Amino acid sequence: MNNLRNTYLTLFFVGWFFFPFNDFRGYEFLGEFKNESGAYFFLLGFFVFVIDVVNSGKISIPYRSKVFRALSLFLVWCIVATVLNYNAVSESYFKHTGGVYRFIRQYISLMISTIVFVFYFWNVIYKWSFVEILYKIRRILLYCLIFVFVYGFLETLVVVFHFFPAKYILSVFDYFPFLDVNYPPGERISSVTYESPSLGNYLITVSAWMFSYIFTEKNKYRFVPTFMVLFLMFFSGSRTALINIGIQFMVLISVMYSMEEYKRVITKGLLYTVVISSFLLILNGEKIVKSIEDKAESLNFRKNLTTNISNQSRFGMQYASLQVFKEHPIVGVGFGQETYYKRFHYPRWATKNNFEFRLHYQNKNEKSFPTSYNIYTRLLAETGIVGFGLFLYFILMCFFKSKKIWKEAKEERKILGFILMISFLGFILNWLQTDFFRQYGFWLCMVILIKLINESPAQKTTTKLN
């Protein structure tokens, strides 16, 4: 193996260790990737990979894959939809930004996730056996989760249980790269991320990989990774994480219950849960009960619609996007152009007494564009029913093909199929609350899926790794 490949392989692993670290000041020229520490290593790794391609004259592109072709169709349509709206795009202007410039920046960001990272991830893993893919990637994600959990546990002691001596230990983390110690409001933790929803997004990415330890390991510690995910999910206070990981976990339980050898495991797991919960209730029952009540209350979106600023903004943005779609149903208004139109459709119930709209979304001097809070309503508005249909076809293809692999494959392919199925489910649900494509875990899962589809079971190796 040449030195360049060794280098970009190392950067791949380092990037996956650091990818949840986004609580730091980055470089503005990187746009939405400026605070994504994992992206720094992935971009550097891609640069080294390109040098290796130039030197060797060899590159692998999965152009024959139906999954990759489906993605390519969507990428092409984003350009077509914008070209068809060129006259309006060229005249659009808001927040000191023209429509054409906005499209270029947004499309470059899209290409970084869907082409740069996909090509890089694919060329890292396509020579690996299924065993290597499973154990190497999962191991680095576990190391990362342990770090995130230790930080999150100490943070929980401070912000939830008010055990302030833990602050002295947390202060040591200020010396760690890509990390600024802070304490989010509202008795919620964010660990190494900059806010609780970001921690939830990270947990959705790693949850299926951690669940898989239950099936591949035989020791008594195989449930610990799942426990760490559930602990961080609960104390993050992220509604998105609570719902998405809750659904992923229920799928895990249903899968285990369908397998005879794991029915006893579920019974023991419930017993341990009762014991641990009882112990926590004894230590600080009032605090735990209040925390559970707060989580349940936060899920009552209808009740909180007029009293919760986050819900007002979230649903207000989605409503405005749908109004834009109703006016431009076929091809949309062009990729990255949604805000130029939806700012005229913000509902009164969303903007009333909402400082987020006053200070950020409707403030022309604030350069950052408002988020859509939902990738599906965003694509309906920007690319119309055609672009939305292509994207939906692509992500559902990923989910159902991984589900088929899980049901039909054996050994490592089956475990990878399970991981991909649970992961794709989480990402698809998560996009109901986020509007960005920089879901590194999704693109990694996509290239693993292509690998699983392209190679028959007879071609895989079952060599055990240390």
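Computed from the coordinates by the stated procedures, all read-outs in this text should not be read as laboratory data. Note that the structure is a prediction, hence the values are computed from the model and not measured. A quick note on method: Cβ atoms are made from the backbone with ideal geometry, for glycine too, and the neighbour counts reach across all protein chains shown.
Numbers below:
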quantity: Simple spin-label estimate for Phe176 and Val53 in nanometres, 7 Å along Cα-Cβ; calculated: 3.4 nm
quantity: Segment 322-391: trypsin sites (Lys or Arg not before Pro) in DSSP loop, at most 14 other beta carbons within 10 Å; calculated: Lys352, Lys364, Lys367
quantity: Candidate values [x] 52, 25, 17; [y] 42, 39, 19; [z] 34, 31, 22, label of the one derived for semi-axes √(5λ) of the Cα gyration tensor in Å; calculated: [z]
quantity: Segment 102-152 shape via C-alpha gyration tensor axes, a/c threshold 1.5; calculated: oblate
quantity: Furthest towards positive pole of dipole, Asn2, Leu392, Phe427, structure part the chain, Cβ charges; calculated: Leu392
quantity: Label-point gap, in nm, between Leu392 and Lys34 - each point 7 angstrom along Cα→Cβ; calculated: 3.6 nm
quantity: Selected from Phe41, Val229, Ser198, residue furthest toward positive end of dipole (the chain; charges at beta carbon); calculated: Val229
quantity: Given Lys95/Lys167; Lys95/Lys326; Lys34/Lys414; Lys34/Lys401; Lys66/Lys127, the pairs whose alpha carbons are separated by over 31 Å; calculated: Lys95/Lys167; Lys34/Lys414; Lys34/Lys401
quantity: For the chain, the longest site-free run once GluC sites (Glu not before Pro) in DSSP loop states with at most 16 other Cβ atoms within 10 Å are removed; calculated: 1-194
quantity: Kyte-Doolittle mean at least 1.0, axial Cα span of 20 Å or more - DSSP H helices of the chain; calculated: 37-56, 66-84, 130-159, 239-257, 411-430, 440-454
quantity: Dipole magnitude of the chain about its Cα centre (Cβ charges: Lys, Arg +1; Asp, Glu -1), debye to nearest 20; calculated: 940 debye
quantity: The chain - percent relative contact order, Cα under 8 Å, separation 6 or more; calculated: 21 percent
quantity: Cβ charges +1 (Lys, Arg) and -1 (Asp, Glu), total dipole of segment 1-133, debye; calculated: 320 debye
quantity: Gln362 versus Arg264: modelled label distance in nm, points set 7 Å from Cα along the beta carbon direction; calculated: 6.4 nm
quantity: Theoretical ellipticity at 222 nm over the chain - DSSP helices of four or more residues, -39500 (n - 2.57) apiece, nearest 500; calculated: -21500 deg cm²/dmol
quantity: Length released on extending from Ile146 to Ile61, taking residue separation times 0.36 nm less the Cα-Cα span; calculated: 27.2 nm
quantity: Around Asn123: net Lys/Arg minus Asp/Glu count, Cβ-Cβ under 13 Å; calculated: +3
